[in-house]
């Protein structure tokens, strides 16, 4: 019975990995595709900073946790603690892994690879969910921790919702367009130079492509 329960929980956690990666990739372009609709900025990336890339994985992870609770609350221990740890560990792993990769690229004069960067994101989400799984199958913690768990969720929601509009002037929040810092933070004043998808009237320019890439701008 325990083995069956653990397997079910593991499948839910692995399902979260694929959901978060898919939804996060969609949110990467959602702000532009919404024609820069202000409310979309809460959950979608508004620039190419590391922080904005962390944000697009946080919100799908939180949504998945709310849905999963309905189906696994009766078989999981420490449910909200496990999910909180996943939401906190994922960005930390992504930051350190991405920094290590970029240090290797710069020090060795290598070219960046979109595929590797996507793997970095996948790895960060996977580690977060595996940490969650380990907590869900562990003995229950004392309920005295409930207040700290609630505080943890409140802190994460506040940061990921507020720092897009009020970004600290730190490198983590600086626009990192084409792997170069631009000195811009949060919602940009002008998005025309940074559009990924060309407007209909602009299609056919630049080799006839309808999508703008850093490589094409080099």
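The values are calculated or read from the model by the stated rules, or taken from the named source; none is laboratory data. These figures come from a predicted structure and were not determined experimentally. We place every Cβ from the backbone using ideal geometry, glycine too, and count neighbours over all the protein chains shown.
The number of residues in the stretch 95-120 that are touching a helix residue (DSSP H, G or I) at 6+ places or on another chain (Cβ under 6 Å) and either in contact (Cβ under 8 Å) with a residue 40 or more places away in the chain or outside the structural domain of residue 20 (by TED's automatic domain parsing) (or both) comes to 2. In the stretch 1-29, which residue that is touching a helix residue (DSSP H, G or I) at 6+ places or on another chain (Cβ under 6 Å) and within 19 Å of residue 176 (Cα to Cα) is surrounded by the most Cβ atoms within 10 Å (Cβ to Cβ)? Looking at the filtered set, the residue picked out is 24.
For the stretch 1-47, taking the residues that are outside any helix (DSSP H, G or I) and free of Cβ contacts under 8 Å to residues at least 24 places away in the same chain, the one that is nearest to residue 58 (Cα to Cα) is identified as 43.
Looking only at the stretch 106-119, count every residue that is under 22 Å from the mean Cα position of the chain (by Cα), surrounded by 11 or more Cβ atoms within 10 Å (Cβ to Cβ) and part of a helix (DSSP H, G or I) and tell me the total.
Total meeting the criteria: 4.
Anything in the stretch 122-141 that is touching a helix residue (DSSP H, G or I) at 6+ places or on another chain (Cβ under 8 Å) and modelled with pLDDT under 95? List them, or say none. Selection gives 141 alone.
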